[in-house]
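For reference, the structure is listed below as structure tokens.
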Amino acid sequence: MLPGPSLLLSVARALVGRGLGAVAQLLVTFALGRLFGADGSGTVMLSLTLLLLLSMLGRRGLDFALLRIGSEAWGQSDRPRFWAAVQDASRHAFVSSLLIAVVFMLASPWLAEAVFHNPGMRSVLPWFAAAIPAYSMLSLFCESHKAIDRPGAGNFFHTAVIPVCFALVLAVLHWTDRRYESYAAVGYMLATYTAAAAAFVSLVRCAGPPQRKPDSELPQMRRSGVPLLIYSLFTMAGGWLPLICLGMFGDPDQVGQFGAAARIAVVILFILLAFNSVTPARFARLHAAGDMEGISRLARNTSVLMTIVALPLTLGLCLFGGWILGWMGDDFPPAAPALAILAVAQLINVATGSVGYVLIMTGHESQLRRAATLGFGVNLLGCLILIPLWGVVGAGMAAATAIVTENLVATWLAFKVTGVVSLPWPAMAMPNRAEGQHG
């Protein structure tokens, strides 16, 4: 049985936002390659990687915790509880992100010279540091949109507004022949603040004026946020750690090549990301109602559909990766083998379905943290061994191994503690465990 029409309609709306963001991301990737070459685009991509990493530290897992509590509150028509969660999470994340941004800005010269051996980053890193608080707020506001069943708007603001604005900035730099990485960094910072402000205005319009209950659930969100932060950091390290290791042990050309391959391989994830914009709120409400069979059914059926969509995309990237990378310039086709490896890993990621959100929305964050920790260990070991041997291809192998390891382990843990099967095959017998048990 495939997902119902209301779910598919919500996914279609999410895909619109994701699709626009995907097109803009590809335009940005190609534009960076054309404007700055592999060296300069590697500088910008590495700086952006640090921005995303530090913003995640600033949020401290509160975006996931907010999605769960906000979804439950909205499903119960408890608007004051919803807004209390949004306000508490936003205030806490903003202060943390601001402190991190200040430290990062002060450390930028040292990072550029001593860590990455790239003097060009001195003029780029401070602007990306200034964008950290705005990116944290943007993430929280977009998760709040998903909690109130507005996944299309959440995806639009999170994935489309920044790259669209950034693409316009890069176009202006091209037309005015001002090919400076620092100008691109300023443009990205301004795009981030624009997206965060627009997302907040949209949230108020959709959810009504802010109001709150006197009780705060921030302590509960912070407790849930710790394992979720570890999960987020280790999971994203599947793409970031190889990029950073190439920056430290390789040369800027290799950073740009791998960054391009990793961004293009993410195309396969669009269908998963679209479903992940819709299903978590439903998982949270089904769990609140005690309907674990419903969660398993939803996870399994959506996994079937996502795998069907992802298969031809994977085949296309494996067969035509060199040609696609060639659109960016002559420096990039050598990353075609890494692109093929990453594409297969992302297909497996899609096939395991929304397993991470199954664990999060059922209160088993610690199980997800265990899977992510193992994946990070595999990734780190792979980077240290494979990158010195095979460069960009070694980075692709390390990242792919981490992605596959984390998702397969998470799938097993989800079945073990909840009985939920997220793989695209018929239901398995649910284990004899208390459905309310938390990891």
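The values are calculated or read from the model by the stated rules, or taken from the named source; none is laboratory data. Computed from a predicted model, the values in this text were never measured in an experiment. Note that each Cβ is placed from the backbone with ideal geometry, even for glycine, and that neighbours are counted across all protein chains shown.
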Next item on the list: Return only the number of the condition from (1) acidic (Asp, Glu); (2) within 20 Å of the chain's Cα centre (by Cα); (3) surrounded by fewer than 23 Cβ atoms within 10 Å (Cβ to Cβ) that Glu143 does not satisfy.
Entry: (3)
Check: Considering only the range 298-329, how many residues are surrounded by 23 or more Cβ atoms within 10 Å (Cβ to Cβ) and either farther than 30 Å from Val421 by Cβ or acidic (Asp, Glu) (or both)?
Finding: 3
Item checked: Contacts under 9 angstrom Cβ, first residue in the range 66-84 being under 15 Å from Phe141 (Cα atoms), partner acidic (Asp, Glu) and modelled with pLDDT of 90 or more, 6 or more apart -> Leu66/Asp88; Leu66/Glu143; Leu67/Glu143; Gly70/Glu143
Checklist line | Top-ranked residue of the range 273-297 - restricted to ones that are small (Gly, Ala, Ser) and within 16 Å of Thr418 (Cβ to Cβ), ranked as nearest to the chain's Cα centre (by Cα) | finding: Ala284
Margin query: Against the conditions (1) within 17 Å of the chain's Cα centre (by Cα); (2) under 17 Å from Arg222 (Cβ atoms); (3) of a type in the set (A, V, I, L, M), where does Met137 fall short? Just the number, please.
Written below: (2)
Next item on the list: State yes or no: is Ser366 at pLDDT below 95, surrounded by 24 or more Cβ atoms within 10 Å (Cβ to Cβ), part of a helix (DSSP H, G or I) and in contact with a Pro (Cβ under 9 Å, 6 or more places away or on another chain)?
Entry: no
Notebook entry, point to check: Which of the residues that make up the range 178-208 are free of Cβ contacts under 8 Å to residues at least 12 places away in the same chain and small (Gly, Ala, Ser)?
Noted result: Ala197
Check: Taking the stated definitions as given, is Leu228 aliphatic (A, V, I, L, M), assigned to a helix (DSSP H, G or I), farther than 22 Å from Leu20 by Cβ and within 20 Å of the chain's Cα centre (by Cα)?
Finding: yes
Notebook entry, point to check: Residues in the range 278-299 that are under 14 Å from Val11 (Cα atoms) and out of contact with any Phe, Trp or Tyr (no Cβ under 9 Å at 6 or more places or on another chain): how many?
Noted result: 2
Next item on the list: Look through Phe249, Phe332 and report the one residue that is surrounded by 22 or more Cβ atoms within 10 Å (Cβ to Cβ), touching a residue at least 60 places away in the same chain (Cβ under 8 Å) and aromatic (Phe, Trp, Tyr).
Entry: Phe332
Check: Given the residues Gly42, Gly33, Gly37, which is the only one that is surrounded by fewer than 22 Cβ atoms within 10 Å (Cβ to Cβ), modelled with pLDDT under 90, part of a helix (DSSP H, G or I) and not polar (S, T, N, Q)?
Finding: Gly37
Checklist line | Subset of the range 191-217 [surrounded by 16 or more Cβ atoms within 10 Å (Cβ to Cβ) and within 14 Å of Phe82 (Cβ to Cβ)] | finding: Leu203, Ala207, Arg212, Glu217
Next item on the list: Spot the failing condition for Leu8; the list is (1) out of contact with any helix residue (DSSP H, G or I) (no Cβ under 6 Å at 6 or more places or on another chain); (2) surrounded by 21 or more Cβ atoms within 10 Å (Cβ to Cβ), and only one is missed.
Entry: (2)
Next item on the list: Hey, can you tell me all the residues within the range 418-439 that are in contact with a Gly (Cβ under 6 Å, 6 or more places away or on another chain) and either at pLDDT 90 or above or polar (S, T, N, Q) (or both)?
Entry: Ser422
